[in-house]
Structure formats: C-alpha cells, structure tokens
Amino acid sequence: VRMNAGTQCCMFLSIFLFISICLGEDYDLDDKTGLGRSFDGIGGLSGGGATSRLLVNYAEPYRSQILDYLFKPKFGASLQILKVEIGGDAQTTDGTEPSHMHYEDDENYFRGYEWWLMKEAKKRNPNITLIGLPWAFPGWVGNGENWPYSFPDITASYVVSWILGAKQYHNLDIDYVGIWNERSFNSKYIKLLRYTLDKSGLERVKIIASDNLWEPISSVVTADKELQDAVEILGVHYPGTNTLPEALKTGKKLWSSEDYSTFNDNVGGGCWARILNQNYVNGKMTATICWNLVSSYYGDLPFGRDGLMTAKEPWSGNYVVESPIWITAHTTQFTEPGWTYLQTVGHFTHGGSYVALTDERGNLTIITETMTHDHSVCIRPPLPSYDVTAQNVTFHLKGTFASISELQVWHSKFDFKTNKSVLFQNIKPIKDTLKQRSFSIELDVDEVYTFTTVRNGQRGSYPDPPPSAPFPKSYKDDFDVSGHPYFSEAPNFADQTGVFEYFTNQTDPGPHVSTLRQVVTQRPVTWVADADQTISVIGDYQWQDLMVSCDIYMESVHTGGVFIAVRVNKGGGVVRSTRGVFLWVYADGTYKVTNDLNGMTVLAEGLSGTRARVWYTLTLTVKGNYASADLNGYPLWKNAVLWEPRHGWAAIGTSSFELAQFDNFAIEALT
C-alpha cells in the first residue's frame, strides 16, 4: 500500500502525537469571503404555562439576584430576548395566566406578573427584545367557540390592546407578536392583525408566524404576497437544529422561537450548548429562545426544572444557578443582536461545531462545542446518532481578523464521570501564536469554548442563597391585598384551571373585605383540555397527613359549588385527571366528598344546609387512610376510608367556571 507523507509520519509517532496531529484540522475565519446572516439574539420564554409563577413571591435580595443572573449584561445569562405569554385565563402547561380582559368590557393591565418581569428585564438591559404570544384566549374572544379565528377582527383587537396597554401603563415597547402558540394559523387573521397594528400606530411591531412547524407556513408565505409582507419572522418550535428548503426560499429571518424544554442538569446544559451553535450551522436560525426562562413553578408539575435556572422555593429563598445559565453566557456576553455570522462556520471534522460572529468595529467571537450524543440529548425531537472525538483544531484568522493580537478565552467542561464540571471559566488569553495569524487548541469531548476580542465578560456571583427547605408545615393567608400591591395573585397559589385573584369587597366592611376570588365565568378558548372545574394548588407535593381550613363564599345562586382539597396529585395539562380528597359544598344545601376532581368517585355525601352568598368555614382533615370534615366547626362526616393517592398538594376551587370567594386559608401538616 502506498502511503502519503502524513500517513508515514503518523505511523512512527506516539499515540498522543497521533491524536493531536492526525486528528488535527484547519479552519479559516474570514470576513472577506462574505458574511452570513445577522444575529438576533438568545432568549428565554416566561409563560407557556405559568412557569415564572413563584418568582414574584421571592423576598429581596434573592428575587433581584435571580433576575440579575437572567438579564443583567456581562453577569450571567445576559439574555437578549424575553418572550412572554399573553395570558388567556387557561391552562397552558403548568398553570393558567390571567388575561388583561376577562370579559369584553373589562380591561386591567396589572394582572399577573409578566408586566413586572418585562420591566425588570428592561431595567437591566434596555435593549432587550420583547415578544408577546397568546397560548389561549378568554372565552368571549371565541364567542363560545374554542377557536379564535371565527371572529378575527375581535381577536386582532384583543391582542393589539395588550400591546397598547404595555406601552400606556408600563412604558414597554413590544417588538414582536405571535399568532397562536403551536396551533393552526389563519392567513386572513395574520393580515388583519397586521392591518390592526398599523391602524393603531404600531407599524414597528413585527409579526412572527407561526410558532409551530416550518410547514405549511413557509409555502403559504411564498405563495401569498400580502401574507409575505405581513410576516417578518418565520418562527418554529423544536426544529432539531434543522430547517427546510421551503423556509429558506422565503428569504425571511428564521428563528427557533421555542426550544430546549429539557431538564436543567448537565445533560440539559449540553443540549443547550449544542443547539445554540447548530441552530445556525445546520438551520440558519438567527435567534433561539429557551422554554422556559426560569423553572419557578412546583417541581412536580409537568416539565419540572426545564428552565435556564431553578427558583421554586420563595418560602426559603433558595435558588440554583444551573449550567444552562453559563452556557448561554458563552454567546450572549460576547455578542449583541446586530452582529453578523461569518460564512466560514460549520462542523468540525471529528464532531462538534463552531460559529463565529463579528460587528462593525471588527470584533470577533468564536464559540465551539464538542458535545457528545448522550450528554446533549434534548427532550425533543429525537437526536440521531453521531460521534465526537478529542481533536486538535487550528483556526486561521484572515481578512480583517488577521490584525487581531489577543483573544480572551472562556471555557466550560462537563465532567460526567466525577461530576466536577467547570463552567464559564476565564483562562489564559491567546497572544503569541496570533503573530502567525492562527491559533491551535486541543478540544476534548463535552467542552465549550469562547474565543473573543471582547474583554469585559464576567462570571457574576452573589453569596450563596439560603439552603433549600420544604414548604412550611404551618401556613396561613388572609389575602390582605395591601401586602401585595403589584401582583394580582396570592403568594404560592398556582392556578391550574380558572383564575384566582385578589378582590376587595367595596360594599362589605365586615371581616371579609379582602378575599381571593375565582373570576373566570366562561370556558376559555383553550390550549389544552382544561378541567370543567377551577382549581388552584399550593404547598408540598409530598404532604400526606394534613388539615386545611378556609372560609368560602358562593356567589352563584342554586348552582354554585366550592371545594377545598388535600393530596391533589396532578396539575398542568393533565389536571382533568387529578385525584385527591375533595370536600365540596353546594348552594343547594348539599355536600360531597370525592376522590377526584370531576366528582365521579364519591366517598361521602349528604345535607349541609349551605346556600349562596353566605360565608362558611370548611375544614378537611386527612390522616392515614381516614378523612373527616367540619362545616363551621360542626362535623359533616368522620372517618371516611380512602386509599389513594397517598400524597399531594392542598387546593381550593369551584365546581364550574363561576364566581366564588375564599378567605383565611390555613394549612397544618400533621406529619
């Protein structure tokens, strides 16, 4: 066999030199050959299921520290995009978010926490891009139909009112708006939305479509000139780093407008590292947005800890800065929207990928990743098999970059054997070899590097937060609105169907002036199968033996019903099938104890004497296999036998979409 000189050389070298030389490859970085697409940023998504629900309840300084890790430039994730749910009063993965218009004649731009979150993000980064997207709509928008496009003018006006309210009441400029998350789009509606935006003086607000798949939106945009003019961005969810020729043919900017959705351990960090690079290398996507921004919801709800960081204990103050925060920093701290990708980006010969970006001042940032398959699997879509090996790479700086004399170096290494990973470490800069207009680096597997002319990166830090602690065993809330002026929801309650918000009884000077009220009276245009009952959960999912009491007030004469519950074992998109121990009282003078939310498995029932528009105190006690309940201190029943479930949250709720009030809620864990 005839061997070339390189092969002969490798046969006589040690194994180490074989690896470092024979697996060595050269890569040019050159702006003179032309530039690629403009970079639009890396972001996080708050909502799509009440995923920031618990964040607002953190005490200072911990709440501000969490926000700094997410948004503060040159500190942590330094996010460049914030996308939020336009609340629609319906369950959208881990809970419901309130609409600014529960009814057609109702407007309130201070409900929920997304306004507050956007303002906090803007406070830290005035240049952050803001996006709004509806997952669901209040029932009146669909006029009784579970479809927002039957009356497209109403839907467009509703969405535009949210954008106008953001500016009028919070001085927030929304930059982009979407159509309907992961559901069918309607071309007529998109055009009408564009017209309504323009008519309202919002020409600068651009439309993203369709927050679902590449097709059919790509082909429809190509074939319809008016639609093409209306849509600014093609946004797709969970593209697996790939695009389609039809999308590229549109000439539109391509975004991964929702991605990641993965448990935020080191494998999750690896997933994020791989897709941040390869969404552009493979799919020419110039923005990637993580669902979710921060895992700030009860961890036993669906997709627990699927955020850039974890902040789910406002009662303790504990939070965890997870690996995806620092993987994000590898890109965001050394680029800005408006930078441009080089055309000379791609895959390494022996696995992994690299991107390079530049700005008008001639700065250069290179990000490399060598994540192995099993250490970078995302929750979706399936990841095809591939190989990555340790390798030596040499980057040759050409064109404008030939004059660069020094590169800062930031390094992350996932160590899955000893669990001693290094995240976002600033190491010795590269100087000497740049005299030859090149530099070489040994890349091991599961590493991320940033090489950059930008000097002011920082691994921001705060003193350790308080240690993790379970939800308090003894807990009370009298729903005094004066203690929480900025948020409409009571601390730690997580609405799963319906909306429970603070309410002030203007005409009642008695003991129930400030209450918590369920306010949704019409089934919303849903995103998932909301329960027929409303329910809000609270507490520790591991609770077994518990006593819960609450004052309740039914507003619906003859048909109303209210419950308190313990051992509630499901929420999120599967809330319809939740089980637990539910104590119901009704306005017709009856009561019922059931083992499920839909009331089909009855443990006990009888007469209660309850009626509408009267305050009652309910108490439910569960210990071991036995449950009992009191009404105004008198027993309704004792020692009902139950077997499942063995643990779960406490909860309050109503028998349908109806008005009802709650006050003086109290929990006492018995074990």
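The values are calculated or read from the model by the stated rules, or taken from the named source; none is laboratory data. Remember, predicted model here, so these are calculated numbers, not experimental data. Here the Cβ positions follow ideal geometry from the backbone for every residue, glycine too, while neighbour counts run over all protein chains shown.
Does SER99 satisfy the criteria of being farther than 22 Å from GLY498 by Cα and part of a loop (DSSP other than H, G, I, E, B)? Taking the combined requirement at face value, the residue does not satisfy it. Only residues that are in a strand (DSSP E or B) and touching a Lys or Arg at 6+ places or on another chain (Cβ under 8 Å): list them for region 592-605, please. Within region 592-605, ASN595, ASP596, VAL602, ALA604, GLU605 meet the criteria. Here the condition is being in contact with a helix residue (DSSP H, G or I) (Cβ under 7 Å, 6 or more places away or on another chain), of a type outside the set (Lys, Arg) and surrounded by 22 or more Cβ atoms within 10 Å (Cβ to Cβ); of VAL294, VAL377, it holds for VAL294 alone. Just one of the listed residues (ASN143, ASN186, ASN181) is under 24 Å from the mean Cα position of the chain (by Cα), among the polar types (S, T, N, Q) and in the same structural domain as PHE71 (by TED's automatic domain parsing), and it is ASN181. For HIS484, the criteria (1) of a type outside the set (Ser, Thr, Tyr); (2) surrounded by 15 or more Cβ atoms within 10 Å (Cβ to Cβ); (3) under 21 Å from ALA650 (Cβ atoms); (4) modelled with pLDDT of 95 or more hold in every case but one, which is (4). Scanning region 36-60 for residues that are loosely packed, with under 15 Cβ neighbours inside 10 Å and in contact (Cβ under 8 Å) with a residue 60 or more places away in the chain, we see that the one that is nearest to PRO491 (Cα to Cα) is ALA59.
Would it be correct to say that THR331 is modelled with pLDDT of 95 or more, in contact with an Asp or Glu (Cβ under 6 Å, 6 or more places away or on another chain) and not in a strand (DSSP E or B)? No: the conditions fail for THR331. Please pick out the residue among GLN65, GLN80 that is in the same structural domain as LEU301 (by TED's automatic domain parsing), surrounded by fewer than 24 Cβ atoms within 10 Å (Cβ to Cβ) and not charged (D, E, K, R). On inspection, the qualifying residue turns out to be GLN65. Counting the residues of region 630-671 that are farther than 15 Å from ASP540 by Cα, of a type in the set (A, V, I, L, M) and either at pLDDT below 95 or not assigned by TED's automatic domain parsing to the domain that holds ASN598 (or both) gives 4.
Within region 248-282, the set of residues being farther than 22 Å from PRO384 by Cα, in contact with a helix residue (DSSP H, G or I) (Cβ under 8 Å, 6 or more places away or on another chain) and not in a loop (DSSP other than H, G, I, E, B) comprises LYS249, LEU254. Scanning region 102-116 for residues being in a helix (DSSP H, G or I) and touching a Gly at 6+ places or on another chain (Cβ under 9 Å) gives a total of 2. If you go through region 197-239 and pick out every residue that is assigned to a helix (DSSP H, G or I) and buried (at least 20 other Cβ atoms within 10 Å of the Cβ), you end up with 6.
Yes/no per residue for (1) under 18 Å from ILE552 (Cβ atoms); (2) assigned to a strand (DSSP E or B); (3) among the β-branched types (Val, Ile, Thr); (4) under 40 Å from the mean Cα position of the chain (by Cα):
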{"position": "ARG611", "(1), (2), (3), (4)": "yes, no, no, no"}
{"position": "TYR616", "(1), (2), (3), (4)": "yes, yes, no, yes"}
{"position": "SER628", "(1), (2), (3), (4)": "yes, yes, no, yes"}
{"position": "PRO635", "(1), (2), (3), (4)": "yes, yes, no, no"}
{"position": "GLY653", "(1), (2), (3), (4)": "yes, yes, no, yes"}
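Looking only at region 93-136, count how many residues are out of contact with any strand residue (DSSP E or B) (no Cβ under 6 Å at 6 or more places or on another chain), polar (S, T, N, Q), surrounded by 21 or more Cβ atoms within 10 Å (Cβ to Cβ) and closer than 17 Å to GLN522 by Cβ. Count: 1. The set of residues in region 267-289 being closer than 17 Å to THR335 by Cβ and small (Gly, Ala, Ser) consists of ALA273, ALA287.
Sub-7 Å Cβ pairs linking a first residue in region 377-396 that is over 19 Å from TYR27 (Cβ atoms) to a second residue that is assigned to a strand (DSSP E or B), at least 6 apart or interchain, are CYS378/TYR260, ordered by first then second residue. Of everything listed in (1) part of a strand (DSSP E or B); (2) closer than 21 Å to THR497 by Cα; (3) among the β-branched types (Val, Ile, Thr), the single unmet condition for VAL520 is (1). Check region 455-468 and report whether any residue there is modelled with pLDDT of 95 or more and under 30 Å from VAL575 (Cα atoms). Yes, region 455-468 contains at least one residue that is modelled with pLDDT of 95 or more and under 30 Å from VAL575 (Cα atoms).
For (1) aliphatic (A, V, I, L, M); (2) over 25 Å from GLY41 (Cα atoms); (3) in a loop (DSSP other than H, G, I, E, B), each residue gets a yes or a no:
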site: THR344; (1), (2), (3): no, no, yes
site: THR349; (1), (2), (3): no, yes, yes
site: ALA356; (1), (2), (3): yes, no, no
site: LEU383; (1), (2), (3): yes, no, yes
site: ASP387; (1), (2), (3): no, yes, yes
site: ASN392; (1), (2), (3): no, yes, no
site: PHE395; (1), (2), (3): no, no, no
site: PHE401; (1), (2), (3): no, no, no
site: THR418; (1), (2), (3): no, yes, yes
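Each row is one residue, and each column tells you yes or no for (1) touching a strand residue (DSSP E or B) at 6+ places or on another chain (Cβ under 8 Å); (2) at pLDDT 50 or above; (3) aliphatic (A, V, I, L, M).
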{"position": "ALA5", "(1), (2), (3)": "no, no, yes"}
{"position": "PHE16", "(1), (2), (3)": "no, no, no"}
{"position": "GLU25", "(1), (2), (3)": "yes, yes, no"}
{"position": "ASP28", "(1), (2), (3)": "yes, yes, no"}
{"position": "PHE39", "(1), (2), (3)": "yes, yes, no"}
{"position": "ILE42", "(1), (2), (3)": "yes, yes, yes"}
{"position": "GLY48", "(1), (2), (3)": "yes, yes, no"}
